[in-house]
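Quick notes on the structure that follows.
The values are calculated or read from the model by the stated rules, or taken from the named source; none is laboratory data. As the structure is a computational prediction, the values presented were derived from the model and not from experiment. We place every Cβ from the backbone using ideal geometry, glycine too, and count neighbours over all the protein chains shown. Heads up: the accessible areas ignore ligands, DNA and RNA and are worked out on the full protein's heavy atoms, side chains in. Shrake-Rupley method; radii C 1.70, N 1.55, O 1.52, S 1.80 Å.
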Amino acid sequence: MTSGYRGRFAPSPTGPLHAGSLVAALACWLDARAHGGRWLVRIEDVDRPRCPPGMDEVILGQLAALGLLPDEAPVWQSRRGTLYQAALDRLIASGRAYGCACTRAEIAALAGPRPRHGELVYPGTCRRGTGGRPVRAWRLRVEGRIDWQDRRLGPQSQDLETEVGDFVLKRADGLWAYQLAVVVDDAAQGITDVVRGEDLADNTPRQIALQRALGLPTPRYLHTPLVLAPDGHKLSKQNGAQALDLADPPARLREAAMALGLPLPPVCASVGETLAAALALWPGRLEVSRF
Ligand code: GLU
């Protein structure tokens with residue numbers, strides 16, 4: 001079967017894959033396969049200081065051991081700065097992006113709480129210029145509310161102006177912000193479907209705002225259930241999630257499939273068998289219409 005579907009797994013190589021990131025990887029692989037689509041891997045290493053050397057290859061090796069092989073050569077965000085700069089230049093030219101001179105301390109003094117992959121809610125100090133102070137970071141001027149649809153979570157809405165504020169596209173340290181890189185790359189790679197962990201759902205309105213500001217299409221979104229650590233918090237590299245033990249890859253795939261609510265038969269001897277069994281159960285499994 002051929003289709004226009006293009007999905008991607010986009011790990012930040014700050015540490016090896018763990019049980020939580022495998023759930024997201026498996027979900028987007030299954031969704032691409034179930035749609036007769038293509039599955040890509042993008043290494044999101046824009047935040048270089050947080051990415052230990054060689055961790056990208058560790059992750060690609062883990063995916064290969066689990067039978068999750070990309071259909072095209074992986075791309076590395078650290079090599080794509082020219083694309084991000086071109087997008088920022090367009091946003092500056094259209095008046096949507098502006099330079100900001102505020103320090104973190106100045107913003108913290110005025111702002112509210114901060115979301116993941118986010119910044120403090122920016123009070124808009126530099127919207128009408130920096131008053132001659134040097135530009136430190138570049139921000140997107142946001143407007144109003146974004147309504148969007150998640151395949152699993154249903155209708156979603158966020159007021160960008162009050163809940164997020166004008167967010168950073170290029171950081172004061174010169175690094176590209178996740179939001180800009182992900183939007184530019186999803187469009188450049190022709191991604192039609194984003195399938196990723198639910199912890200990233202609250203980034204989606206910012207990404208849709210950026211897509212609209214750049215005249216880019218909005219993909220469909222499916223945010224998958226999170227794997228929780230025994231303490232009830234999200235399993236993450238930050239709270240010490242263990243790297244996957246790949247002595248038994250089918251067992252790891254089976255656990256990830258169970259976390260996605262796929263009741264696999266008790267014995268799947270090989271990676272191929274496990275993936276095939278999960279694929280047979282996947283279509284529509286997480287879609288909102290089932291609940
Ligand atoms: N690189 C991001 C992360 O690992 C995921 C980005 C995405 O899937 O949009 O948190």
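The table for this structure:
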| quantity | calculated |
| --- | --- |
| Helix 81-93 axis, angle to the chain major axis (alpha carbon atoms, nearest 10°) | 40 degrees |
| Distance from the stretch 26-69 to the stretch 116-176 (C-alpha centre basis), Å | 28 Å |
| Taking the stretch 54-183 and dividing mean pair separation by its residue count, relative contact order in percent (alpha carbons under 8 Å, at least six apart) | 22 percent |
| Relative contact order of the chain, pairs being alpha-carbon contacts under 8 Å that are 6 or more residues apart, as % | 23 percent |
| Max mean-square fluctuation residue, GNM over the chain, Cα-Cα springs under 10 Å, options Leu110, Leu281, Leu169 | Leu110 |
| Solvent-accessible area, 1.4 Å probe, carbon plus sulfur percent, for the chain | 56 percent |
| Listed residues Asp193, Asp89 arranged by accessible area, highest first, probe 1.4 Å | Asp89, Asp193 |
| Angle between the chain longest axis and helix 19-34 axis [Cα atoms, degrees, rounded to 10] | 80 degrees |
| Degrees between helix 55-65 axis and first principal axis of the chain (Cα, 0 to 90, nearest 10) | 30 degrees |
| Difference of contour (0.36 nm per residue) and Cα-Cα distance, Asp147 to Gln85 | 19.5 nm |
| The stretch 14-89, relative contact order [Cα under 8 Å, separation at least 6], % | 40 percent |
| Inter-probe distance in nm under a simple model that places probes 7 Å from Cα toward Cβ, at Glu57 and Glu161 | 5.1 nm |
| Measure of compaction for the stretch 1-115 (Cα Rg per 2.2 N^0.38 Å) | 1.36 |
| Surface accessible to a 1.4 Å probe, Glu287 within the full protein complex, Å² | 50 Å² |
| Electrostatic dipole magnitude of the chain [Cβ: Lys, Arg +1; Asp, Glu -1; Cα centre; debye, to 20] | 780 debye |
| Gyration tensor verdict on the stretch 78-208 (Cα atoms; rounded if a/c is under 1.5, prolate if a/b is larger than b/c, oblate otherwise) | oblate |
| Computed E for Ala93/Ala276 - FRET, C-beta separation, R0 45 angstrom, nearest 0.05 | 0.35 |
| Per residue accessible area of the chain, 1.4 Å probe, in Å² | 44 Å² |
